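Worksheet: one structure, shown below.
The values are calculated or read from the model by the stated rules, or taken from the named source; none is laboratory data. Keep in mind that this is a model prediction, so the values were computed, not measured. Heads up, the Cβs are rebuilt from the backbone with ideal geometry, glycines too, and the neighbour counts pull from every protein chain shown. Only protein heavy atoms, including side chains, enter the accessible area calculation; ligands, DNA and RNA are left aside. Shrake-Rupley method; radii C 1.70, N 1.55, O 1.52, S 1.80 Å.
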Amino acid sequence: MAKTWSDRFDQGLNPFIQKFNASINFDIELFEEDIDGSIAHVNMLAKMLVISSSEAREIETALKEIRIEFSNGTFKIHPDDEDIHFAVERRLIEKIGTLGKKLHTGRSRNDQVATDLRLWLRKKIDLIENNLEELQKALFLQAENNLYTLIPGYTHLQRAQPLSLAHHLLAYIEMLQRDRDRLIDVKKRLNISPLGSAALAGTNVPLDRYFTAKALDFIDISTNSIDAVSDRDYVVEFAAAASLIMVHLSRLSEEVILWSSEEFSFVKLTDRCATGSSLMPQKKNPDVPELIRGKAGRVFGHLQALLTMIKGLPLAYNKDFQEDKEALFDTVLTVSTSLKAMTILFEEGLVFSTKSLSLAVTSDFSNATDVADYLAMKGVPFREAYQLVGALVKECLEKGVLLKDLSLNEWKDFHPSVCDDIYKKLSPEQVVASRNSQGGTGFTRVNEQLIKWREKFQK
Ligand code: ARG
């Protein structure tokens, strides 16, 4: 039986403890990065004349063969493989014998796992950033088609003021952009090589840390070996950024769920992304946004788990760190698949019901602010105008009429400065068009934003 530990150990592990201790079932996810890191390390050892270049070549070739075994599914996990690092080394020794035992010179699993995890997360950040952009584009296409579609705008979930639907969708594009920027920022701090820090103190083996850093495309090397092997800040930072992505997706999900209800009827779900009920034949359920909203919880949970796992750890490496992986892997998978599902939902899963939307914006008092603004522009102090319009709305509610239903005489009774141009001001199109402050919902402003985003996406 192959022996993992040094001759200090006489007995093998209790079989239950062996399984309990192992991470191979999940850290096999890191096989690509583990091979990459080992190839860089071995070439560096040759450059530093720690091993010969023919030895390095032989090890590299074998590592590349092992990579192929992993990707075509022929790699067999051995019961003694505690983790991916041991598994690769064990297989290397099986393949090339004693020479394989030179691979781990000047290296520890502590700097190895830190390297692998950074390499893995760096790739995944690129993937998620791309997922974010795809969702932005799907939202953008809907926005572009709906500049002049109006939707009630809400505060406190009470009708407030009508909006351009494009403006509403662009709000999510902004959020997703901040999400992208945050990931780029995380990547800057993550993209530093810990390789060569060894167990915690560095090593007396002559290493060229810049060589491995360059080979692995890191932008720099870490400067404190103790910190390098015990730093998981980047995992937490990523989980926090991922949590905010899920917050944004969950808010958007909640809106789609509301909009698709009969009460709102602002969107119709297509058959592509909705499901039926096993009992009630009339039903069409918004499972996709509901699932995304639900999945937000597990990502927040992973963030909490990571923070708690790290907070009491003395320097440097502690086995607790092994617990970072499942949380991180599931965070990546959940965020990436949720983004993709939301993208499909906006590409082909819903259709805005322009009829219901236009009915909604013409049948309420969301133009009341505009009457107050109208009076204010005629010289009435705004606070006074606000009070007057409040009373007028109350009167209309009692009579069961809308502001646009009032006759000119009634308007004159309300306030002598009102003329018949008031009717134009009351139409929802005008209400929206007039909000031309920077960042506002006025069509010209929203169109400027559409142009800006179109240029960005075309780059
Ligand atoms: N499987 C371990 C982890 O994920 C690798 C590092 C183990 N290092 C050690 N000194 N036991 O953290």
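Quick notes on this one:
- Which listed residue is in contact with a Phe, Trp or Tyr (Cβ under 9 Å, 6 or more places away or on another chain), crowded, with 20+ Cβ neighbours inside 10 Å and of a type outside the set (D, E, K, R), from Val247, Val267: Val267
- Residue within the range 46-61 that is open to solvent by less than 20 Å² (accessible area, probe 1.4 Å) and within 35 Å of the chain's Cα centre (by Cα) present: no
- Close pairs from the range 49-76: first closer than 15 Å to Leu30 by Cα, partner charged (D, E, K, R), Cβ under 8 Å, at least 6 apart: Ile66/Arg91; Ile66/Lys95; Arg67/Glu32; Glu69/Arg91; Phe70/Glu32; Phe75/Glu69; Phe75/Arg91
- Restricting attention to the range 93-122, the residues that are part of a loop (DSSP other than H, G, I, E, B), under 20 Å from Ala62 (Cβ atoms), in contact with a Leu (Cβ under 9 Å, 6 or more places away or on another chain) and not hydrophobic (A, V, I, L, M, F, W, C) add up to 3.
- Among the residues of the range 273-329, those identified as surrounded by 15 or more Cβ atoms within 10 Å (Cβ to Cβ), among the small types (Gly, Ala, Ser) and closer than 30 Å to Ala201 by Cβ are Ala305, Ala316, Ala327.
- Screening the candidates Ala215, Ala296 for the property of being of a type in the set (A, V, I, L, M) and under 27 Å from Arg178 (Cα atoms) yields one hit, Ala296.
- When the range 309-329 is filtered for residues that are among the polar types (S, T, N, Q) and either more than 16 Å from Asp233 (Cβ to Cβ) or more than 12 Å from the ligand (Cβ to nearest atom) (or both), only Gln322 remains.
- Matching residues in the range 378-397 - criterion: being more than 18 Å from Ser427 (Cα to Cα), open to solvent by 20 Å² or more (accessible area, probe 1.4 Å) and part of a helix (DSSP H, G or I): Phe382, Arg383, Glu384, Tyr386, Gln387, Leu388, Gly390, Ala391, Lys394, Glu395, Leu397
- Selection from the range 398-418 of residues that are in contact (Cβ under 8 Å) with a residue 12 or more places away in the chain and open to solvent by 60 Å² or more (accessible area, probe 1.4 Å): Lys404, Leu408
- Figure legend. Inter-residue proximity from the range 314-326: first residues over 19 Å from Trp120 (Cβ atoms), second residues open to solvent by less than 20 Å² (accessible area, probe 1.4 Å) and near the ligand (Cβ under 10 Å from one of its atoms), beta-carbon distance below 6 Å, spacing 6+ or different chains. Indicated pairs: Ala316/Val229.
Let's see how each residue does on (1) free of Cβ contacts under 8 Å to residues at least 24 places away in the same chain; (2) open to solvent by 10 Å² or more (accessible area, probe 1.4 Å):
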residue: Glu94; (1), (2): yes, yes
residue: Arg109; (1), (2): no, yes
residue: Ala114; (1), (2): no, no
residue: Leu135; (1), (2): no, no
residue: Gln158; (1), (2): yes, yes
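- On the stretch given as the range 429-459, residues that are under 20 Å from Phe365 (Cα atoms), open to solvent by less than 60 Å² (accessible area, probe 1.4 Å) and in contact with a Leu (Cβ under 8 Å, 6 or more places away or on another chain) total 2.
- Hits in the range 62-83 - residues which are touching an Asp or Glu at 6+ places or on another chain (Cβ under 6 Å) and open to solvent by less than 20 Å² (accessible area, probe 1.4 Å): Asp83
- Any hit, the range 73-88, residues being part of a helix (DSSP H, G or I), among the charged types (D, E, K, R) and away from the ligand (no atom under 16 Å from the Cβ): no
- Residue match in the range 192-213 (condition: closer than 28 Å to Thr337 by Cα, of a type in the set (A, V, I, L, M) and open to solvent by 20 Å² or more (accessible area, probe 1.4 Å)): yes
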